1. Quick test for you: out of Val18, Val11, pick the one residue that is of a type outside the set (D, E, K, R) and crowded, with 17+ Cβ neighbours inside 10 Å.
2. Could you check the range 26-119 for helices (runs of 4 or more DSSP H) lying wholly inside it with 3 or more residues that are at pLDDT 95 or above?
3. Would you call Tyr68 within 15 Å of Ser95 (Cα to Cα) and hydroxyl-bearing (Ser, Thr, Tyr)?
4. Is there any pair linking a residue in the range 78-90 that is β-branched (Val, Ile, Thr) to one that is crowded, with 23+ Cβ neighbours inside 10 Å and not in a helix (DSSP H, G or I), with Cβ under 7 Å and at least six apart or on different chains, and which?
Amino acid sequence: MGYQREFERRVRIGVVGVGDHAYRNILPLLNFLPVEFAALADTNSDLGERTALQYGRIPHYESAAKMYENEELDAVLLCVSPKLHPQLATEALASGLHVWMEKAGVDVGARGRRDDPRARRPRRGGRLQEGFHAGHR
C-alpha cells in the first residue's frame, strides 16, 4: 500500500458533506490516497468550519455549487444522503469534475433517463464512480 507522501502528483478534491459517516469513515482514508483535500462543503456551517480548521484551514462552503465555482478541483467526494446524489453529481459533472459517491446515485429504473447524472455529458470529461455495495442493489 502506498501513502499520500509517496506521490508526486495529487488529485485536488472537494468533499461534500462532513457529517458523522464522512468524519469517521471517509476523511481518515484520505491520508492513504494520492489526494489533496482542498475544500469542503456542508450545509451546517459550524460543522464545516470546525472540520476545515482540523484539516489545515481549508476553504469551506455551505453550498457545493459555490465550492465548484470558487475552487480549482479535479474531483469531488459526495458524502451525503443518496437522495441528494443525482442533483449534486449532475452539478459536479457539469462543472467538469470527476465524482465519487458511495451508493448508487439513482434508482436502477432511472438509469438512462434525464434525472440520471450519467445521462448528462460534462464539459471537461468528468467521470462518475460509485462505491457500490451489494446491500444497495
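1. Values: Val11 fails: crowded, with 17+ Cβ neighbours inside 10 Å.
None of the other options fit; the residue is Val18.
2. Details: elements: 45-54, 64-70, 85-94.
Qualifying helices (runs of 4 or more DSSP H): 45-54, 64-70.
3. Yes: the conditions hold for Tyr68.
4. So the pair list comes out as Val80/Val16; Val80/Gly17.
The values are calculated or read from the model by the stated rules, or taken from the named source; none is laboratory data. Given the structure is predicted, the values throughout are model-derived calculations rather than measurements. For neighbour counting, all protein chains shown are included, and Cβ atoms are generated from backbone atoms with ideal geometry for every residue, glycine included.
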